[in-house]
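The values are calculated or read from the model by the stated rules, or taken from the named source; none is laboratory data. None of the values given here were measured: they were computed from a predicted structure. All Cβ positions, even for glycine, are placed from backbone atoms using ideal geometry, and neighbour counts span all protein chains on display.
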Amino acid sequence: MKTINFVNINDITCLEHIGHNCLPIYYDQHYIKQFIYDKNYLLLKATFNNFIVGFVFCKIEENNIHILSIAVLEKYRRKEIGSELIKKIITLYDKFTISLNVIETNLAAINFYHKLGFIINNIIYNYYTTLNNKNALFMIYKKKLPCELNIRFVDL
């Protein structure tokens, strides 16, 4: 059974482990602990049969939620866990703009975000200083207008 919940202090070691195993740049326990106690951050975890298998970390800005990091253990990918994490943010913050940065060569991630409704807004050159591929794409979630929702009307 999959669930999405808020992170708590007991999750820190597991979250760092997932980040270390899944991402080229990840937050260590020190940063995760700071985020947990800071009201300007939103941290969600995904569990599968009561085992933490993924997370999303976000910074809450004035009218924007910026996704800092998202990861799902490889064994649990393609099970809609990443999508459910993003959809939870969209539901919780439906009045906010939602943004993220992604390495411009990470086509799998770019396609994942695109399927969820994100569009490329800009390219940020030399954003990732510690990686070989330094450029980032800045993406924003495009809320669907009623005319884009595939609504079927029935004649009365």
Of the residues that make up region 5-28, is at least one surrounded by fewer than 17 Cβ atoms within 10 Å (Cβ to Cβ), part of a strand (DSSP E or B) and of a type outside the set (A, V, I, L, M, F, W, C)?
yes
Here are some conditions: (1) modelled with pLDDT under 95; (2) buried (at least 18 other Cβ atoms within 10 Å of the Cβ); (3) hydrophobic (A, V, I, L, M, F, W, C). Residue 43 meets all but one. Which one does it not meet?
(1)
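From the list 93, 76, exactly one residue is of a type outside the set (A, V, I, L, M, F, W, C) and in contact with a Leu (Cβ under 9 Å, 6 or more places away or on another chain). Which is it?
93
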Does residue 57 qualify as being assigned to a helix (DSSP H, G or I), under 16 Å from the mean Cα position of the chain (by Cα), surrounded by 12 or more Cβ atoms within 10 Å (Cβ to Cβ) and without any contact (Cβ under 8 Å) to a residue 40 or more places away in the chain?
no
For the structure I just gave you, tell me whether residue 101 is in contact (Cβ under 8 Å) with a residue 12 or more places away in the chain and either assigned to a strand (DSSP E or B) or among the acidic types (Asp, Glu) (or both).
yes
Condition test on residue 130, is it surrounded by fewer than 11 Cβ atoms within 10 Å (Cβ to Cβ), in contact (Cβ under 8 Å) with a residue 24 or more places away in the chain and in a loop (DSSP other than H, G, I, E, B)?
yes
Within region 73-98, count every residue that is out of contact with any strand residue (DSSP E or B) (no Cβ under 9 Å at 6 or more places or on another chain) and outside any loop (DSSP other than H, G, I, E, B).
3
